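Chemist: Quick one: the structure is below, questions incoming.
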Amino acid sequence: MRYVVIKLISLFIAVTIGVYLTILIANMGGYVDEILKGQIRESISVSISMDPTKKNLTMAERGRLIDELVALEEHRLGLDQPFLLRSFRFLGRALTLNLGRAQRMASDSGSKLVRNIILERLPPTLLLMGTSSMSLFFITLFIALFLSRNYGSLFDKLVIALSPTSAAPAWFYGIFLLLLFAAVLGWLPFGGMVDAPPPESPVDYGLSLLRHLILPVIAWLISGFFAGVYGYRTFFLIFSMEDYVELARAKGLTSREIERRYVLRPTLPNIITNFALTVIGLWNGATILETVFNWPGIGRLIYQAVGLYDSPVIIGTTVINAYLLAITVFLLDFIYALVDPRVRVGSGGPRS
């Protein structure tokens, strides 16, 4: 219990610091408030100048009216208070998941609530990133295991030679895939989630969705495949060359038994960690990849929010991701103890 309490406190402190830094960065230390004040004044000035009932006002009267309306709007939004005080209020609301209202963005249904905006964009991201990341994880894992059995083969050398190609991000490959298969060949759509207008038939809708998934999924797989295979392969080879593995072979154990008991089990903590981080990554989406393919997910939402200086949306997505990461890190400690008998929770290291 002592270890659990200390762990929870340390994670909460880390989340708090991360969220507060996000608030400062998203608001540019208060500079976004100044931009918003300027936009409020400009909007009210234009509105008054276009109002026929205000045309007879003198310049002084019009200026006083604008100042009064600007002051009321700034008071409504809390912009008349110091940014430092407002930043701590933002922090308190964020940590309690009171995400508030967006400043400029809205959901397709017209809602300004950050929660509704995020929930609307979440299913497309889970579909794209779930398909891409889960496929990449399991494909790289099984192929790496195959390569560890066939160390030094032509396929093994080819994967090692091509591993530097994973340095390029998925959106980089996505641009070339769009040029080839959409612009030149015309086989696949340029972007979006489904055709416009969306097909009415469920079967046609599903087929359209699959066609739009092909290119972003392939781009994600190309970007991470070789580096993922190379990393897992290295782990498998390291453990397959240990002395106890040679002893197991000498005792006559089959290759499958050796892999399961002496190769896969020691690498489980690393595999579980990668899997957990992959699951967390499903929430974030891929900001530039979704933007390149015009995919209406969380990643594109963050890109749009940054461009519009919509701090509540940026902070809302960051807060949820921070909580998910903290929960995952907390649970991983106990999972390690289950899969590796050498690890004891709270002991500070392996058993002696």
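Chemist: Could you name every one of the helices (runs of 4 or more DSSP H) located completely within the range 25-109 that has at least 3 residues being on the phi > 0 side of the Ramachandran plot and in contact with a helix residue (DSSP H, G or I) (Cβ under 8 Å, 6 or more places away or on another chain)?
Modeler: none
Chemist: Could you tell me which numbered condition Lys157 fails, if it satisfies all but one of (1) at pLDDT 85 or above; (2) basic (Lys, Arg); (3) not assigned by TED's automatic domain parsing to the domain that holds Phe236?
Modeler: With respect to (1) at pLDDT 85 or above; (2) basic (Lys, Arg); (3) not assigned by TED's automatic domain parsing to the domain that holds Phe236, Lys157 is out only on (3).
Chemist: Out of everything in the range 127-176 that is small (Gly, Ala, Ser), free of Cβ contacts under 8 Å to residues at least 40 places away in the same chain and not in a helix (DSSP H, G or I), what residue ends up being surrounded by the most Cβ atoms within 10 Å (Cβ to Cβ)?
Modeler: Among residues in the range 127-176 that are small (Gly, Ala, Ser), free of Cβ contacts under 8 Å to residues at least 40 places away in the same chain and not in a helix (DSSP H, G or I), the one surrounded by the most Cβ atoms within 10 Å (Cβ to Cβ) is Ser153.
Chemist: In addition: In the range 229-285, which residues are surrounded by 15 or more Cβ atoms within 10 Å (Cβ to Cβ) and among the acidic types (Asp, Glu)?
Modeler: If the condition is that a residue be surrounded by 15 or more Cβ atoms within 10 Å (Cβ to Cβ) and among the acidic types (Asp, Glu), then Glu259 is the only one that fits.
Chemist: Within the range 187-199, track down each residue that is at pLDDT 85 or above and either loosely packed, with under 13 Cβ neighbours inside 10 Å or among the charged types (D, E, K, R) (or both).
Modeler: Trp187
Chemist: Is there any pair with a first residue in the range 56-77 that is more than 30 Å from Ser311 (Cβ to Cβ) and a second that is at pLDDT below 80 whose Cβ atoms are under 8 Å apart and which are 6 or more apart or on different chains, and what are they?
Modeler: Filtered contacts from the range 56-77: Arg62/Lys54.
Chemist: Just to be sure I understand the filter: pairs with C-beta atoms under 8 Å, separated by 6 or more residues or on different chains, first member in the range 315-336 and closer than 18 Å to Met1 by Cα, second member crowded, with 16+ Cβ neighbours inside 10 Å and basic (Lys, Arg). Which pairs pass?
Modeler: Taking only residues 6 or more apart or on different chains, the pairs are Phe330/Lys7; Asp333/Lys7.
The values are calculated or read from the model by the stated rules, or taken from the named source; none is laboratory data. Because the structure is a prediction, the values reported are computed rather than measured. Cβ coordinates were reconstructed from backbone atoms using ideal geometry, including for glycine residues, and neighbour counts include every protein chain displayed.
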